[in-house]
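Structure record follows, encoded as structure tokens.
Nothing in this text is a laboratory measurement; each read-out follows from the coordinates by a stated rule. Predicted, not measured: the structure shown is a model, and the values here were computed from it. A quick note on method: Cβ atoms are made from the backbone with ideal geometry, for glycine too, and the neighbour counts reach across all protein chains shown.
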Amino acid sequence: MCGFDRTYISGIERGVRNPSLSAIEALAMALSVTVAELFSGL
């Protein structure tokens with residue numbers, strides 16, 4: 001839904017990639033949450 005390759009998403013999840021702020025915003029939009037909600041609980 002966000003248009004990123006699955007290997008890029010996997011890298012973010014595993015902590016081997018550092019997404020840019022625009023990538024974080026795109027992920028939040030694809031998940032229908034705010035950026036703050038995406039990071040809550042960390």
| Between Ile9 and Ala36, what is the spin-label point distance in nm, taking each point 7 Å from the Cα along the Cα→C-beta axis? | 2.6
| Mean ellipticity per residue at 222 nm, deg cm²/dmol - from DSSP H runs of n ≥ 4 across the chain, formula -39500 (n - 2.57) | -15500 deg cm²/dmol
